[in-house]
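These notes are about the structure you will find just below.
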Amino acid sequence: TGSSILLIPGIEAFSDEGVDLIVYGRDLDFFEKANKLGITQPRKYRLLDLIQVVEAEPTLQCYLPHPRGLSKTSVFVNKNTRDLEILLDRFEKVNGSFFPLQHKFRYITKPFPKFAERLQEAYHYRHDDTQLIFAGSDAHRPMDLNRQFCLTIQVDRIPTRVEEAFDLLNQPHGRSWSDHTHKTRLSTIATQSCITFCEFLIKQKKLRLS
């Protein structure tokens, strides 16, 4: 596309209650540090403890994906964490699971508008101004990258290092999210005044990136 692409290293951690948490790092030592802290070990920490461990490290940060999703991995659906909303402030705005689910249940959503509303609520999080929002495509395939909802951050210049992109991702101002549903090229989005972030989780064991 003619654009530079920076990959910010991260993992999807799993709390003792069974809730997903996206954890990412400022440098390439991220995986070694995450492993040393036990973040890569499923169910090692309860959710609030896991967040505390991450936030104690200046080179790590985290956010909660699909906070009202349809499964127990969602923080406000899981019975052990559903009352924590007042304590949490970092969420994914839109989860890419919405689109295949919307297609899968297309014959149900029309006659049952309440179900359609629940599906919308599940993957389009209604946030307030006190919460830091991360809009990710939740892509699992390279072809899905930058295809759906992306977080846009206003910048003076496009970052050239992972550390700069990490810092931008954690600033609370100049943020917005937009819908790019037609495989919009990165080159038509990234300019000298803005940069977009999209989430890519590798969940397919046979996926080859080379």
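Numbers for the structure displayed
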| item | result |
| --- | --- |
| By accessible area with a 1.4 Å probe, ligands and nucleic acids excluded, highest first: order of His66, His127 | His127, His66 |
| Unsatisfied cross-links (Cα-Cα over 27 Å) in the set Lys93/Lys114; Lys44/Lys104; Lys72/Lys114 | Lys44/Lys104 |
| In order through the range 19-24: 3J(HN,Hα) via Karplus (6.51 cos²θ - 1.76 cosθ + 1.60), integer Hz, x for Gly, Pro | 9, 6, 9, 7, 10, 9 |
| Net length gained if the chain between Asn80 and Phe115 were fully extended (0.36 nm per residue, minus Cα distance) | 10.2 nm |
| Solvent-accessible area per residue, Å², over the range 1-76 with all protein chains present [probe radius 1.4 Å] | 50 |
| Local electrostatic count, Glu17, Cβ distance below 11 Å [Lys/Arg +1, Asp/Glu -1] | +2 |
| Value of Rg/Rh across the range 33-142 [Cα atoms, Kirkwood radius] | 1.01 |
| From phi via Karplus (6.51, -1.76, 1.60), per-residue ³J(HN,Hα) for the range 42-49 in Hz, x at Gly/Pro | x, 6, 6, 10, 6, 4, 5, 5 |
| Sequence-distant residues sharing a close amide H with Phe134 (under 5 Å, placed H) | Phe91, Glu92, Lys93 |
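The values are calculated or read from the model by the stated rules, or taken from the named source; none is laboratory data. All values reported here derive from a predicted model rather than from experimental measurement. For neighbour counting, all protein chains shown are included, and Cβ atoms are generated from backbone atoms with ideal geometry for every residue, glycine included. Ligands, DNA and RNA are excluded from the accessible area calculation, which covers all protein heavy atoms including side chains. Shrake-Rupley method; radii C 1.70, N 1.55, O 1.52, S 1.80 Å.
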